[in-house]
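The values are calculated or read from the model by the stated rules, or taken from the named source; none is laboratory data. Source: prediction; values computed, not measured. We place every Cβ from the backbone using ideal geometry, glycine too, and count neighbours over all the protein chains shown.
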Amino acid sequence: MAGIPAIGFSPKQQIVFAMCSLCCGIYLCGTSWQSARQILVTFPLTESLPADVTFMIEPAVNVNTSDHEELQLLPAIGPVLADRILDYRRQHGPFSSVDELRRVRGIGPKTVQKLSHYLEFDD
């Protein structure tokens with residue numbers, strides 16, 4: 001066996017092959033991630049559907065009777081805005097329209113537009 005030459009790659013060729021394979025793998029993982037990332041980006045469903053269809057998807061939330069957790073189910077409403085809505089409601093009474101929500105600090109015209117399809121104001 002000592003006299004038979006080994007068939008294969010030299011150590012230097014093996015290192016070059018391993019480095020090329022590693023670079024190709026990193027490149028392919030990066031391009032796969034970029035294409036998967038484009039798929040993972042989500043858009044609010046309500047922006048692509050007419051307003052009357054959104055009522056079929058999600059029930060309207062009564063802003064005058066909802067608790068902290070239920071308010072947070074609304075688009076663009078997190079814990080801080082939910083607290084502000086509840087504080088405003090305690091101090092000033094029930095809301096009569098979606099435009100009245102603009103009096104709550106942190107809720108502007110864009111937020112009111114997002115919320116308008118999801119709210120009801122019955123006492």
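You will find that of GLN13, GLN34, GLN91, GLN38, the residue that is at pLDDT 90 or above, part of a helix (DSSP H, G or I) and surrounded by fewer than 13 Cβ atoms within 10 Å (Cβ to Cβ) is GLN91 and no other. So in segment 56-69, with the set limited to residues that are more than 16 Å from TYR88 (Cα to Cα) and surrounded by 13 or more Cβ atoms within 10 Å (Cβ to Cβ), which one is modelled with the highest pLDDT? Once the filter is applied, the top-ranked residue is VAL61.
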